[in-house]
Amino acid sequence: MINLILCGGSGTRLWPLSRTMLPKQFVRLFNNRSLFQDTVLRNQPVCSSMFVVSNNEQFFLAVDQLDQISGSEIPGSSSRMTCDFSRSQFLLEPVGRNTAPAIALACMALDADDLVLVTTSDHLVKDQAAYETAVLEAKKLAEEDNLVTFGIKPTYPEVGFGYIEANGNDVSSFKEKPDADTAQSYIDQGNYYWNSGMFCFKAGVFLDELKQYAPEMYQACLNAVPKNHRHCEEQSDEVIHASEIRIDLDAMNAIPEDSIDYAVMEQSQKVKVVPCDMGWSDLGSFDALYDEVKQPGLGNAVLSRLDDSPEPICIDSKDNLIVARERQIALVDVEDLLVVDTSDAILISKKGSSQKVKAVVAQIKKQAPELSDIHRLAFRPWGSYEVLVNTEGYKVKRIIVKPGGRLSLQKHFHRNEHWIVVSGTATVTVDDHRCLVRPNESTYIKMGQTHRLENEGKIDLVMVEVQVGEYTGEDDIVRIEDVYGR
């Protein structure tokens, strides 16, 4: 069985932890692992390989995080990570078109009889044994040509989820997000389940149902998949399985946007449900995060994102969520607050109001767009950079380039750059000149000069970059050549 992992979510309700360039599925929340890494580990005992659907930026995050968990213990199991990543595939979407196209595009690159377990990359599951039991039940139903969804036993009347009305494994109906009274009535009846967004089916069965109920989407997806990857549609010995399938922007834009629920599941006559109780959470808000972080007997729920984060000081304060980084946080005479501290933004909200964070992000995009897109510490396919100082007229960064890493050949129109090497050796290209810059040496790139930074050594290259100019935004980059296809 193939684990199809959807990585397209932006996680705006967890801002400022989650940003466009580092959405919540890649943020390290628990046990120094991300939700994406936990998803991969969780599915190791039940799946033989994985297929990740993401955008270009998330692709590099995913590859890095996969490398980091090779050989890790699987939570709730005595097994260790054994997946052969060389057999894993990635489908890269230039723009998102919701879950139905994402799943369809991936299924078109698989054999029709391949069993697929579709999971999101940003959910939390705490009961591994119950999860494996549910997946095995779903697998049996999927082998009988059913489209299987997972219904989560509700623990409270949540108004932010869709519900599934069930009679055993049979689906009676799908329900939209209800109001509070309706949600409570679902709980009271006992045969309603949260719609988890997880599915299991044969690739060909799903595509046949999509072709029947959403023919325009099916055809647009088929047109978008490169011909040498259309495995379900074109069975031949010439079909090539590559690790990366890139979808053309114009072809992606031509695909109708819709969820798998609306496009297929709510119309198909082949749908089954597996009711389950696996300690599941979508971590869709800071209120949900509070529920997972709080511990019995402790007055406040504290999530420290760095090992050396100072312990918060709480004077006559209780029932608060505190997400701390490196600054000292102190609370006095407050209750039921959400306090989220990052290096460049602080969010303070009443508990119960965290769904309004989306409105905050909408304002941030107007006032300071970079704060919605990227952290001060940003990850790139070649390594990472951290903004140390950002003020009018200049910016200071610490840049780390991994061995073999190579930044794009680029130029800037509004800034000059001064590079100082701290450790490692930099290979620097400026126009037609190429040289090595060693520790405690520096180089200078004038505005408009074509330049590139590389690490041809075997250890990390660490350097300080000082940008000076009238504008130092990240969008002042003209890429001339890029090995990572950006």
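The values are calculated or read from the model by the stated rules, or taken from the named source; none is laboratory data. Predicted model, so just to flag it, every value in this text is computed and none were measured. Every residue, glycine among them, receives a Cβ derived from its backbone with ideal geometry; neighbour counts consider all protein chains shown.
Of all residues in region 128-154, which are farther than 26 Å from V40 by Cβ and either under 29 Å from the mean Cα position of the chain (by Cα) or surrounded by 18 or more Cβ atoms within 10 Å (Cβ to Cβ) (or both)?
Taking region 128-154 first, the residues farther than 26 Å from V40 by Cβ are 144-145, 154.
If the condition is that a residue be farther than 26 Å from V40 by Cβ and either under 29 Å from the mean Cα position of the chain (by Cα) or surrounded by 18 or more Cβ atoms within 10 Å (Cβ to Cβ) (or both), then P154 is the only one that fits.
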From the options V428, V401, V421, residue that is under 29 Å from the mean Cα position of the chain (by Cα) and outside the structural domain of L61 (by TED's automatic domain parsing)
V401
Output the residue which, of all residues in region 335-356 that are surrounded by 16 or more Cβ atoms within 10 Å (Cβ to Cβ) and among the β-branched types (V, I, T), is farthest from K294 (Cα to Cα).
T342
When the residues of region 357-379 are narrowed to those that are in contact with an Asp or Glu (Cβ under 9 Å, 6 or more places away or on another chain) and either of a type in the set (D, E) or over 14 Å from T20 (Cβ atoms) (or both), which ends up surrounded by the fewest Cβ atoms within 10 Å (Cβ to Cβ)?
L377
For region 437-445, check the following and say yes or no: at least one residue is among the charged types (D, E, K, R) and closer than 24 Å to R486 by Cβ.
no
So the strands (runs of 3 or more DSSP E) completely within region 132-203 holding 2 or more residues that are among the aromatic types (F, W, Y) are 192-202
Under 9 Å by Cβ, and 6 or more places apart or on different chains, what pairs join a residue from region 179-208 that is more than 25 Å from Q269 (Cβ to Cβ) with one that is among the β-branched types (V, I, T) and surrounded by fewer than 17 Cβ atoms within 10 Å (Cβ to Cβ)?
D179/V159; A180/V159; T182/V159; A183/V159; I187/T155
Hey, among the residues in region 299-334 that are surrounded by fewer than 16 Cβ atoms within 10 Å (Cβ to Cβ) and of a type in the set (A, V, I, L, M), which one's nearest to the chain's Cα centre (by Cα)?
L306
Would you mind telling me which numbered condition in (1) modelled with pLDDT of 95 or more; (2) crowded, with 21+ Cβ neighbours inside 10 Å; (3) of a type outside the set (K, R) I245 fails?
(1)
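Per-residue answers, yes or no, for (1) assigned by TED's automatic domain parsing to the domain that holds R13; (2) under 14 Å from L14 (Cα atoms); (3) at pLDDT below 95:
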| residue | (1), (2), (3) |
| --- | --- |
| G299 | no, no, yes |
| D308 | no, no, yes |
| I315 | no, no, no |
| N320 | no, no, no |
| Q328 | no, no, yes |
| L337 | no, no, no |
| A345 | no, yes, yes |
| G352 | no, yes, yes |
Pull up region 424-473, narrow it to residues that are part of a loop (DSSP other than H, G, I, E, B) and of a type in the set (A, V, I, L, M), then point me to the one that is farthest from G393 (Cα to Cα).
I459
